[in-house]
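The values are calculated or read from the model by the stated rules, or taken from the named source; none is laboratory data. Bear in mind the structure is a predicted one, so any value in this text is a computation, not a measurement. For neighbour counting, all protein chains shown are included, and Cβ atoms are generated from backbone atoms with ideal geometry for every residue, glycine included. Please note that ligands, DNA and RNA were not included when accessible areas were found on the heavy atoms of the full protein model with its side chains. Shrake-Rupley method; radii C 1.70, N 1.55, O 1.52, S 1.80 Å.
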Amino acid sequence: PMRQAFQDNFEQVESATRFGYLTPRVFKDGAVYEQQVTFADPEFFEVFDLPLLQGDRTTALVDPRSLVLSESTARKYFGDASPLGQTLTLCCFAPGGESTDYQITGVIADTPENAHFEFSVIGLIDGNVADFYESWTSINNYTYFKLKESSSPDEISDRFPWFLDNVMPVNDQFQAKFGLNTSEFAELSLMPIKDIHLGAKFQAGDMGDIRPLGDRTLVIGFLLIAFLILGIATINFINLATARFIQRSREVSLRKVMGAGRRQITQQFLGEAVLVSLFASVLALGLVELVLPWYNELLSTNLTLKLFGSGGVLAELILMALVAGLVGGMYPALYVGKIHPAKILKANQSSETKGTSRLKSVLVVFQFAISIALITATAVIYVQTDYAKSVDLGYESDNRLVLRNLRRSGAQEMKATLEARIQQMPEVINVALSSDVPTDNNENNTFFSVVGRGQDAGSQLLNHITIDYDFLEVYGIEPLYGRTFSENFGSDSMSQPDPKTVASGAAILNVSAAKRLGFDNPEDAIGEVLATELFWDSALMEVVGVIPDISFRSAHYEDLPLVYFRFEPRFDDMTILYSSNDPGALIAEIETIWKELIPSVPFSYAILDDLISNQYLVEERQFITFSVFALLAVFISFLGLFALASFTTDRRTKEIGIRKVFGASVREIIQMLVWQFSKPVVIANLIAWPAAWYFLSGWLEGFVYRIGLSPTYFVFAGIIALAIAWATVAGHTWKVARANPIKALRDE
């Protein structure tokens, strides 16, 4: 109802539309499909300027029996023929509902992949689905407003408290149940469409997403890491170029003697740096093309590399290459340009100064600080993801198979027969029906109160799930107090023999629900009676058991306070506990039974362990991405240190020869050089650890169940970095230190 209320109370609103998603069955040419359908208001095309490829946008959504298809959906059902005027049969929007013919009145272009919503089929809100849009507290539909050009969203947001307390009719209900105004209980917020994909997750978590939402913080974080890795490569270039230009100091001195100016020398070396960067960019484009298929598979996306035209990135790539080349070549070019030829040519001395040596050390520190931070992040993300997947969920998940869509018309009537047939299979241990299964993450909530505890106790908003007799047994959940539901107690099932009487049955609470209802000792809830208006004008439920909190949601979220009761019409899922070592064969057998009994409903199943693992796909992708970034950073740092160590040891060959002549052992020489290169890595740890701790502590805050940030992770990353530095430097030093000193000193 908010759509109309907004238009009536906010003059800034030009037009508005709601839409919600349902998944009826579509019958076409003897085949049956499950099809997501968007039901919207007639103003839909006023708010969204989606291009119609066929049909008239002003009349496409006028008739309640009309549908607008996306281009790919039209091709799915009608091939290359024009769908306009054709019909599709949809069934059903409620259990026991009837099939309805809809006429195709328009075709829109497919929704772009970067949109936060998607529209395959669009229909008009009518009597079939009107109930879906009439509850003020429903979160099952989406409301969009188009504001007048002269209006500001702040003009509406500032009046939200007034709107909640004076327009929403639930204010009296909240006052009675909680003693609170609606504005003290609920909150409204506006968000521009362009901000939804990367901004809404912060507000809504993963509840009710149309498409999986992005995370602006994560995007910025990965972008920053990419630039840090580019920074590591640039540091390598600066260090190695400076070292190489020191060797070229005679060349530069001779050029200056022959008349070359400082500006010419600087331009020459800057030009070389930019040219290297441009060649590297060409190589990078080729690598991107090779890696993109793997990257798309990893992130379940379909990115392409587009260089030209709208959305092309060629200009940005060229600019980045130029900037990287200029940044990488600036210091070496300016440094070489300041060389005094007389000093170099007269004294036969190196052009390296304390300043350049100190700069190289600072850059190595920065390099390894990035690498250490990334190694630490990778280790923590891996351990946290593994911990979240292995945390005690409060139930058993192995060898459990879930069947869906049992509330569909056609399946509802055959539910008991299907259950009996599956129960008879030798591989099946037990079967249980329910409205939800773990990982569904649905917001099914209503008010419950304890009868006889007075107004002061008030009502509590609790989540609820309907379960069959064997549900807790199938999931291996033992009651802490009381008992589970049983057929031996005829009063356990919710029933209402006469519409004029109060519905009654039994309830089981989890610990959180018992405490929310005011029972400090959950055992005290046994025997108490709950009152609610869920599904009935009034209903009473006697509490017969209390069970532990079980994690229906991922480790990101705390356990919900849950009320369990038995109400057969709400059963939509069937959980099958099996003993078979070949679940594929078992699923095939069950599918055969399903198609025999329920041919009009598509067979839909899931393995429970897969559902649980899928909750952490984002974290697993983060781990893989961080691993790749960390390996890349470490590899580039290794290359830079390898080359720098090679240059340093080569330049100090005579020093090493003299030390050996005066009695230094190979071991002492190696220890000296290794320690000199270890100091920057030790300092890098002191920089990387606080930065990594700050980032990771914030990331872990997104989990209710999380590991502690042990020093082990930071020390582990530091040891890896130090080991890489030691191995790199020791390899070069070993070769030089073992050489005969006469070879280094014979020309002196």
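Spelling out what I want: for every residue of the stretch 515-525, take phi, set θ = phi - 60°, compute 6.51 cos²θ - 1.76 cosθ + 1.60 (Karplus), and round to whole Hz; glycine and proline get x.
5, 4, 7, x, 9, 4, 9, x, 4, 5, 6
Sketch the reach of a paramagnetic label on Val529 as a point 7 Å from Cα along Cα-to-Cβ, and name the residues of the stretch 481-516 whose backbone nitrogen lies under 19 Å away.
Answer for this model: 489-509.
If I fit a long axis through the Cα atoms of helix 216-247 and take the longest principal axis of the Cα atoms of the chain, what angle between them do I get, 0 to 90°, rounded to 10?
Value to nearest ten degrees: 10.
Step by step: find N for the stretch 1-56, compute 2.2 N^0.38 Å, then divide the Cα radius of gyration by it. What's the final number?
After normalising by residue count via 2.2 N^0.38 Å, the value is 1.55.
Strictly greater than 18 Å: what percent of every Cα pair in the stretch 513-556 meets that?
Above the 18 Å cut-off, the stretch 513-556 has 43 percent of its Cα pairs.
Modelled label-to-label distance, Ala416 and Phe185, 7 Å Cα→beta-carbon offset: nm?
Output for this residue pair reads 3.9 nm.
What residues have an amide H closer than 5 Å to that of Val563, excluding those fewer than 5 places away on the same chain, when H is modeled at 1.01 Å from N in the peptide plane?
For Val563, the qualifying residues are Asn463, His464, Ile465.
Using the structure shown, select from Lys201/Lys595; Lys201/Lys306; Lys415/Lys500; Lys194/Lys515; Lys28/Lys194; Lys76/Lys595 the pairs with a Cα to Cα distance greater than 32 angstrom.
Listed pairs above 32 Å: Lys201/Lys595; Lys194/Lys515; Lys28/Lys194.
If you take all C-alpha pairs in the stretch 379-518, what percent of them are over 18 Å apart?
In whole percent, the long-distance tail amounts to 70.
On each of the three principal axes of the Cα atoms of the chain, give max minus min coordinate, whole Å, ordered largest first.
Principal-axis extents of the Cα atoms in the chain, largest first: 112, 62, 56 Å.
By how many degrees, 0 to 90 and rounded to 10, does the Cα axis of helix 354-390 deviate from the longest principal axis of the chain?
Value to nearest ten degrees: 20.
Starting from the Cα gyration tensor of the stretch 425-490, multiply each eigenvalue by 5, take the square root, and state the resulting semi-axes largest first in whole Å.
They are 29, 17, 10 Å, listed from largest to smallest.
What does the extension gain come out to for Tyr694 and Ser150, with contour length at 0.36 nm per residue minus their alpha carbon separation?
191.6 nm
If you fit an axis through the alpha-carbon atoms of helix 314-337 and take the longest principal axis of the Cα set of the chain, what angle between them do you get, 0 to 90°, nearest 10?
Tilt of helix 314-337: around 30 degrees.
Would you mind putting 214-223, 289-298, 562-571 in packing order, based on average other-beta-carbon counts within 10 Å, highest first?
Highest-to-lowest ranking by the protection proxy: 562-571, 214-223, 289-298.
Give or take rounding to whole Å, what are the principal axis extents of the alpha carbon atoms in the stretch 473-626, in descending order?
50, 46, 29
Please list, in chain and number order, the residues 5+ apart from Ser66 or on another chain whose amide H is under 5 Å from its amide H, with Hs placed from the backbone.
Gln103, Leu124
State the Kirkwood hydrodynamic radius of the stretch 1-146 in Å, one decimal place, computed from all pairs of distinct Cα atoms.
15.9 Å
Give, as a single signed number, the net charge of other residues whose beta carbon lies under 14 Å from the beta carbon of Ala60, with Lys and Arg counted +1 and Asp and Glu -1.
Local net charge: -4.
Please say if the stretch 542-584 is rounded, prolate or oblate, where rounded means a/c under 1.5 for a ≥ b ≥ c the square roots of the C-alpha gyration tensor eigenvalues, and otherwise the choice is prolate for a/b larger than b/c and oblate otherwise?
Taking the square roots of the gyration eigenvalues as a ≥ b ≥ c, the stretch 542-584 is oblate.
Please list, ordered by chain and number, the residues whose modelled amide H lies under 5 Å from the amide H of Ile429; skip anything fewer than 5 residues away on the same chain.
Long-range HN contacts for Ile429: Leu577, Tyr578, Ser579.
Apply 1/(1 + (r/R0)^6) to the Cβ-Cβ distance of Thr446 and Arg75, taking R0 = 30 Å, and write down the FRET efficiency to the nearest 0.05.
0.10
Taking the full set of protein chains and a 1.4 angstrom probe, give the accessible area of Asp49 in square angstrom, rounded to the nearest 10.
About 130 Å², ignoring ligands and nucleic acids.
For Asp392, tell me the accessible area in Å² from a 1.4 Å probe, rounded to the nearest 10.
130 Å²
For the stretch 486-502, just list the computed ³J(HN,Hα) in residue order, Karplus coefficients 6.51, -1.76 and 1.60, θ = phi - 60°, integers in Hz, with x standing in for Gly and Pro.
8, 5, 5, 10, x, 8, 5, 6, 5, 8, 9, x, 10, x, 7, 9, 7
Return the calculated 222 nm mean residue ellipticity for the chain, to the nearest 500 deg cm²/dmol, obtained by summing -39500 (n - 2.57) across DSSP H runs with n ≥ 4 and dividing by the residue count.
It lands at -15500 deg cm²/dmol.
Of Ser277, Ser300, which has the most accessible area with a 1.4 Å probe, and how do the rest follow in descending order?
Accessible-area ranking of Ser277, Ser300, largest first: Ser300, Ser277.
Just how many % of Cα pairs in the stretch 463-555 lie over 24 Å apart, if you round to the nearest whole percent?
21 percent
Once you place label points 7 Å from the Cα toward the Cβ at Leu290 and Asn302, how far apart are they in nm?
Result for the modelled spin labels: 2.6 nm.
Using a 1.4 Å probe over the heavy atoms of the protein chains, calculate the carbon and sulfur portion of the accessible area of the chain as a whole percent.
Roughly 56 percent, rounded to a whole number.
So what does Ile526 come to for accessible area, using a 1.4 Å probe and Å² rounded to 10?
Roll a 1.4 Å probe over it and Ile526 shows about 60 Å².
Which whole-number value in Å² is the accessible area per residue of the chain, probe 1.4 Å?
That works out to 50 Å² per residue.
Normalized C-alpha radius of gyration of the stretch 567-669, against 2.2 N^0.38 Å?
2.51
Over all directions, the average projected area of the alpha-carbon convex hull for the stretch 535-624 comes to how many nm²?
That works out to 10.2 nm², a quarter of the Cα hull's surface.
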